[in-house]
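Below: one structure, written as structure tokens.
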Amino acid sequence: MDPEQLEAVAKDWNQLSSDMSAVTTTNVPTTFGLVPDLGVVSLSSSTTQWSTGAGGEYNSISGLLMDTANSYRQAEQANVQEAGKIG
């Protein structure tokens, strides 16, 4: 496993997390003149909850991928040190 590839994917997940945060701050109109609400406020609230949850999950995935990349690097360094003791 290439730690650099894991870090690249982690950055993608981190960007998705940021994108979801942007969705939560998007203003949605709540009045439409003569047209009634038709559930837009409720839908907007649900969308905010979903995107907030998704952003948190994406951020967690990004963190786990970065931790895994670091673990691979540490294991490789330990292997190199052990191999140096043999030869």
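The values are calculated or read from the model by the stated rules, or taken from the named source; none is laboratory data. What you see is a predicted model, and the numbers here were worked out from it, not measured in a lab. Methodologically, a virtual Cβ is constructed for each residue, glycine included, from the backbone with ideal geometry; neighbour enumeration extends over all protein chains shown. The protein model used for the area step is the full one, side chains on, heavy atoms only, and it has no ligands, DNA or RNA in it. Shrake-Rupley method; radii C 1.70, N 1.55, O 1.52, S 1.80 Å.
Compute the helix-to-body angle for 3-24: its Cα long axis versus the longest principal axis of the chain, expressed 0 to 90° and rounded to tens.
For 3-24 against the chain, the angle is about 10 degrees.
How many percent of the accessible area of segment 1-52 is carbon or sulfur, using a 1.4 Å probe? Intermediate results must be reported in sequence, preceding the final value.
Numbers: 2310 of 3910 Å².
The C+S portion of the solvent-accessible surface of segment 1-52 is 59 percent.
Over the alpha carbons of segment 21-87, what is the largest minus smallest coordinate on each principal axis, giving the biggest first in Å?
83, 13, 9
Compute a Gaussian network model of the chain, connecting alpha carbons closer than 10 Å, and tell me which residue from Gln15, Gln49, Gln77 fluctuates the most.
Gln77
So for the chain, averaging the separation of alpha carbon pairs under 8 Å that are six or more residues apart and normalising by length, what relative contact order in percent results?
Working: 60 pairs, mean separation 43.5, N = 87.
The value is 50 percent.
By how many degrees, 0 to 90 and rounded to 10, does the Cα axis of helix 40-86 deviate from the longest principal axis of the chain?
Tilt of helix 40-86: around 0 degrees.
Using a basic spin-label model with each label point 7 Å from the Cα along Cα→Cβ, how many nm lie between Glu4 and Ala75?
2.0
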